[in-house]
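Peer 1: The structure under discussion is supplied below as C-alpha cells; questions concerning it will follow.
The values are calculated or read from the model by the stated rules, or taken from the named source; none is laboratory data. On a predicted model such as this, the values are computed, not experimentally measured, just so you know. Every residue, glycine among them, receives a Cβ derived from its backbone with ideal geometry; neighbour counts consider all protein chains shown.
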Amino acid sequence: MKKSYLILFFFIIVKFILQYSLISSEYELHRDEYLHLDQGNHLAWGYLSVPPVNSWLAWLVKTLGGSIFWVKFFPAFFGAMTIVVVWKIIDELQGSLYAKILASTGILLSVLLRINLLFQPTSLEVLLWTLIYYVLILYFNSEKVKWLYLAAVIFGIGFLNKYNIVFSVLGIIPAVLLTRQRKIFAQPHLYGAAFVAVLIMLPNLIWQYKFDFPVVSHMKELSERQLVHVDRFDFFKSQILFFIGSLLVIIAGFYALLFYKPFEKFRSFFWAYVITIALFLFFKAKDYYAVGIYPVFIAFGAVFLAHVFDKSWKKFLKPVFILVPVLLFLPLYNLAFPNKSPEYIINHPEKYKKMGLLRWEDGKDHPLPQDFADMQGWKELAQKVDKEYSQLSESGRTLVLCDNYGQAGAVNYYSKKGVQAVSFNADYINWFDLSKKYDNLIRVKEFSKEEDELKETGSYFENSKAADSIVNKFAREKGTTIFSFKGAKIDIRTNIREEINEVKHRY
C-alpha cells in the first residue's frame, strides 16, 4: 500500500475515534435524532420536513439492531468519506502529500466534528456537495461526459437527502456562465444528465404533489419562526468559525482560483462560492446550510500553499499551517462537545458562559448548553411511559399522545413494551392509527398546571391522574408530565381527527 494511503487510513481511523469519544455515556440521543430514526419505521418517498434518504439509513440502523453504535456510525462514516473525497480532489489537482495532510487536518478538526455527531441528513449533505464539486473538477480536466451523468446522480441523491443541495447548483450555473467553461452548456449530454437527475428526484416530487407540497408549508413555517431571526452578521461570523483552523487555507484557495495559472479552468468555483453565499444571505438561511461548500476550497488552498511553501525560505511554514487547526481545536475539545458530564459543566460554567454556550433560544442562560440539555431525560420518560402503559393496557387499547416529536420519538426508541407514541407535531401527524377504538390515553405534556389538564381531558374518561414526570434536573424536558386517563366515555378518535384536520389546515 502506498504511503499516502496509509496516512489517509490514519485520518479515517482518527475520525471515527474522535466521533465516538466526543459524547460522554451520560448523554442520550438528541431530540432531532429520535424523529429521524422513527422515520425508518414509516418508509415513504417524503416527509413534512425532509426527503427520504435519511429514513432509509434509519431503516438500516434498525435492521442492524438499532444500537447507539450504528446510530452514530453513519454520520461518522460520511464525515470520513468527506476527507477521502478531498484527498481525491487534491490528487486530481496534482497536489502533494503535504497538501493532502494539510487539507485532511483542517477537515478533521472542524465544525464537521459537531455535525457528524448527530444522525441527521446534514452529514451526508456535506459529503454530496463535496462530491459534486469533485466530479465537476474531473469533467473540467477531461471533458468526459460520464462525469456529467455522475454529477446528475449525485445531485439526484442529494435532493432526496436534503433540498438544500439545490443551492449548490444555483450557485454553479451562473458561475460557469461567467467563465470560459460556459461551453459546457453547448454539450447535449448536459441536458441528458439533467434528465437523469429529474428521474431520480421524480418519486419525491410526485409525493410532494400528492400531499400538496408540504415542503412549501415547512419552509414558510421555518421562515416565520426561525429564519426571520437570522442575523446576517452572525451568518458571516459562523462562516469564519466553521473551519477556523483552515481559514488561511480557504483564503489561499480563493486567491489561487483568481490568480494562480494552473487553476484558471476552475475559476468558476470562486464565483460559485460568491453566488451561493449571496443566495443564502438573501434568503436569511441558517449558517450551517453553507458548510458543504468549504471542503473543496480547502483542497484548492492546500494545493496552492504546498506549491508556495516549496520555495526554500518558506518551508518552515509547512508545520505551522498544520499545527494551527490542532492548536485551535484543543480548547474547543473541552467546551464544544458533550464530552464532559453535566455535573462538571454546572460546576465550571465560566468558560461556557464566556463563549455564550449556556444561552438558549429563549435568550436566557441555563445550567447546560441547549443541545446538551436536549440529550437528557429521554430514557427516563420512556421508562415511566412504559410503566403506565403496562398498567393501562390490561384494561384495553391505550394511545400515547405526546406534545412534540422529541418525546414521541424517544418513547418509541427506548420503549420495551412496543409503544408507538404519536404527536400532532412534525411527521407524527400522519402516523396515527385510528383503525381501532382506544379505551385509555397517556398524555405526555410539557410542563403545565396539572389541574388544568386533568379537568380539560379528564372529563372524557372515568379515571384520570398525573402519573409521573421527568425529574432529571439536567433535561430540557424537566417537568414534562405523564398524564394517565382510563376508561374513555367517548370515542376519542373523533377528537383526534378534528385536531389532525385543524393542524393540517393550519399548515
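Peer 1: Please verify whether region 459-475 includes one or more residues that are over 32 Å from the mean Cα position of the chain (by Cα), at pLDDT 90 or above and aliphatic (A, V, I, L, M).
Peer 2: yes
Peer 1: Between a first residue in region 203-219 that is farther than 14 Å from residue 504 by Cα and in a helix (DSSP H, G or I) and a second residue that is of a type in the set (A, V, I, L, M) and modelled with pLDDT under 90, which pairs have beta carbons less than 7 Å apart while being 6 or more apart in sequence or on different chains?
Peer 2: 208/215
Peer 1: Same structure, new question: Which residue out of 107, 23 is on the phi < 0 side of the Ramachandran plot, among the β-branched types (Val, Ile, Thr) and either at pLDDT 95 or above or in contact with a Gly (Cβ under 6 Å, 6 or more places away or on another chain) (or both)?
Peer 2: Values: 23 fails: either at pLDDT 95 or above or in contact with a Gly (Cβ under 6 Å, 6 or more places away or on another chain) (or both).
Answer to the check: 107.
Peer 1: Kindly evaluate residue 436 against the criterion of being among the basic types (Lys, Arg) and either free of Cβ contacts under 8 Å to residues at least 24 places away in the same chain or within 13 Å of residue 31 (Cβ to Cβ) (or both).
Peer 2: Details: among the basic types (Lys, Arg): yes; either free of Cβ contacts under 8 Å to residues at least 24 places away in the same chain or within 13 Å of residue 31 (Cβ to Cβ) (or both): no.
It is false that residue 436 is among the basic types (Lys, Arg) and either free of Cβ contacts under 8 Å to residues at least 24 places away in the same chain or within 13 Å of residue 31 (Cβ to Cβ) (or both).
Peer 1: In region 229-252, how many are touching a residue at least 60 places away in the same chain (Cβ under 8 Å) and assigned to a helix (DSSP H, G or I)?
Peer 2: 7
Peer 1: Do we have any residue at all in region 59-66 that's surrounded by fewer than 19 Cβ atoms within 10 Å (Cβ to Cβ) and either basic (Lys, Arg) or in contact with a Gly (Cβ under 7 Å, 6 or more places away or on another chain) (or both)?
Peer 2: So in region 59-66, the residues surrounded by fewer than 19 Cβ atoms within 10 Å (Cβ to Cβ) come out as 59-60, 62-66.
Add one more test, that the residue is either basic (Lys, Arg) or in contact with a Gly (Cβ under 7 Å, 6 or more places away or on another chain) (or both), and what stays is 59, 62.
Looking through region 59-66, at least one residue is surrounded by fewer than 19 Cβ atoms within 10 Å (Cβ to Cβ) and either basic (Lys, Arg) or in contact with a Gly (Cβ under 7 Å, 6 or more places away or on another chain) (or both).
Peer 1: Regarding residue 422, is this residue touching a residue at least 24 places away in the same chain (Cβ under 8 Å) and either aliphatic (A, V, I, L, M) or in contact with a Pro (Cβ under 6 Å, 6 or more places away or on another chain) (or both)?
Peer 2: No; evaluated as a whole, the condition is false for this residue.
Peer 1: From the set of residues in region 360-406 that are assigned to a strand (DSSP E or B) and in contact with a Leu (Cβ under 7 Å, 6 or more places away or on another chain), which is farthest from residue 348 (Cα to Cα)?
Peer 2: Ranking the candidates gives 398 first.
Peer 1: Going residue by residue through region 297-310, is there one that turns out to be in a loop (DSSP other than H, G, I, E, B) and more than 30 Å from residue 483 (Cα to Cα)?
Peer 2: Yes, some residue in region 297-310 is in a loop (DSSP other than H, G, I, E, B) and more than 30 Å from residue 483 (Cα to Cα).
Peer 1: Okay, moving on. Looking at this structure, is residue 93 in the same structural domain as residue 70 (by TED's automatic domain parsing), farther than 30 Å from residue 330 by Cα and in contact (Cβ under 8 Å) with a residue 60 or more places away in the chain?
Peer 2: It is true that residue 93 is in the same structural domain as residue 70 (by TED's automatic domain parsing), farther than 30 Å from residue 330 by Cα and in contact (Cβ under 8 Å) with a residue 60 or more places away in the chain.
Peer 1: Can you spot a residue in region 432-444 that is out of contact with any Ser or Thr (no Cβ under 7 Å at 6 or more places or on another chain), exposed (fewer than 14 other Cβ atoms within 10 Å of the Cβ), over 28 Å from residue 119 (Cβ atoms) and of a type outside the set (Lys, Arg)?
Peer 2: Within region 432-444, one or more residues are out of contact with any Ser or Thr (no Cβ under 7 Å at 6 or more places or on another chain), exposed (fewer than 14 other Cβ atoms within 10 Å of the Cβ), over 28 Å from residue 119 (Cβ atoms) and of a type outside the set (Lys, Arg).
Peer 1: Going through 427, 433 one at a time, which residue ends up being of a type outside the set (Ser, Thr, Tyr) and not in a helix (DSSP H, G or I)?
Peer 2: 433
Peer 1: Condition (residue is crowded, with 24+ Cβ neighbours inside 10 Å, touching a residue at least 40 places away in the same chain (Cβ under 8 Å) and within 30 Å of residue 35 (Cα to Cα)) applied to region 132-148: is it met by at least one residue?
Peer 2: no
Peer 1: Could you list, in sequence order, the residues of region 1-15 that are β-branched (Val, Ile, Thr) and closer than 21 Å to residue 94 by Cβ?
Peer 2: The answer is 7, and nothing else.
Peer 1: Which one is farthest from the chain's Cα centre (by Cα) among residues in region 407-419 that are in a loop (DSSP other than H, G, I, E, B) and touching a residue at least 24 places away in the same chain (Cβ under 8 Å)?
Peer 2: Per the stated criteria, the residue is 417.
Peer 1: Right, another one. Within region 275-291, can you find the residues that are assigned to a helix (DSSP H, G or I) and either touching a residue at least 12 places away in the same chain (Cβ under 8 Å) or outside the structural domain of residue 114 (by TED's automatic domain parsing) (or both)?
Peer 2: If the condition is that a residue be assigned to a helix (DSSP H, G or I) and either touching a residue at least 12 places away in the same chain (Cβ under 8 Å) or outside the structural domain of residue 114 (by TED's automatic domain parsing) (or both), then 275, 276, 277, 279, 280, 281, 287, 288, 289, 290, 291 are the ones that fit.
Every residue, every condition in (1) in contact with a His (Cβ under 8 Å, 6 or more places away or on another chain); (2) within 19 Å of residue 119 (Cα to Cα); (3) buried (at least 16 other Cβ atoms within 10 Å of the Cβ), yes or no:
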{"residue": "2", "(1), (2), (3)": "no, no, no"}
{"residue": "5", "(1), (2), (3)": "no, no, no"}
{"residue": "12", "(1), (2), (3)": "no, yes, yes"}
{"residue": "15", "(1), (2), (3)": "no, yes, yes"}
{"residue": "29", "(1), (2), (3)": "no, yes, yes"}
{"residue": "34", "(1), (2), (3)": "no, yes, yes"}
{"residue": "48", "(1), (2), (3)": "yes, yes, yes"}
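Peer 1: Let me ask something else about it. So which of 350, 343 ends up being free of Cβ contacts under 8 Å to residues at least 24 places away in the same chain, under 25 Å from residue 21 (Cα atoms) and out of contact with any Phe, Trp or Tyr (no Cβ under 9 Å at 6 or more places or on another chain)?
Peer 2: Just a single option satisfies the conditions, and that option is 350.
Peer 1: In this structure, is residue 55 closer than 26 Å to residue 380 by Cα and modelled with pLDDT under 95?
Peer 2: No, not satisfied.
Peer 1: Kindly evaluate residue 54 against the criterion of being under 17 Å from the mean Cα position of the chain (by Cα) and either free of Cβ contacts under 8 Å to residues at least 40 places away in the same chain or not assigned by TED's automatic domain parsing to the domain that holds residue 411 (or both).
Peer 2: yes
Peer 1: So if I check each of 455, 436, 445, which one is among the basic types (Lys, Arg) and more than 22 Å from residue 390 (Cβ to Cβ)?
Peer 2: The conditions single out 455.
Peer 1: Just a yes or no: is a residue in region 328-349 closer than 30 Å to residue 83 by Cβ and at pLDDT 95 or above?
Peer 2: Scanning region 328-349 turns up no residue that is closer than 30 Å to residue 83 by Cβ and at pLDDT 95 or above.
Peer 1: Does region 479-499 contain at least one residue that is in contact with a Leu (Cβ under 6 Å, 6 or more places away or on another chain) and closer than 16 Å to residue 34 by Cβ?
Peer 2: No, the conditions are met nowhere in region 479-499.
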